[in-house]
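Enquirer: Let me give you the structure first, and then I'll get to my questions.
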């Protein structure tokens, strides 16, 4: 029986909601998790689950930032293209 309880305690956290989070929400949750881990007072299993969720949240934030960077690069490219067209028409 102890083995059954141990396997259910070792279950991976549910991360299905993370893909629905915006950048600010994911970052806020990540900050809370880091704070909990730094403060301590959690069991090893709780710490592992927090760490796993934190890793997933960090990945989500990176995806948002990568997308924002791509949008900025595209906007800069369009601006440069517009400038080049204007210069060639003069």
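The values are calculated or read from the model by the stated rules, or taken from the named source; none is laboratory data. As the structure is a prediction and not an experimental result, all values here were calculated from the model. Positions of Cβ are backbone-derived with ideal geometry, glycine not excepted, and every protein chain shown enters the neighbour counts.
Enquirer: Are there any pairs, at least 6 apart or on different chains, whose C-beta atoms fall under 7 Å, with the first in the range 61-78 and more than 22 Å from residue 30 (Cβ to Cβ) and the second assigned to a helix (DSSP H, G or I), and if so, which?
Expert: none
Enquirer: Residues to consider are 4, 46; find the one that is at pLDDT 95 or above and more than 16 Å from the chain's Cα centre (by Cα).
Expert: From the options 4, 46, the qualifying one is 46.
Enquirer: With respect to residue 77, determine if the residue is surrounded by fewer than 10 Cβ atoms within 10 Å (Cβ to Cβ) and at pLDDT below 95.
Expert: So residue 77 does not fit the description; no.
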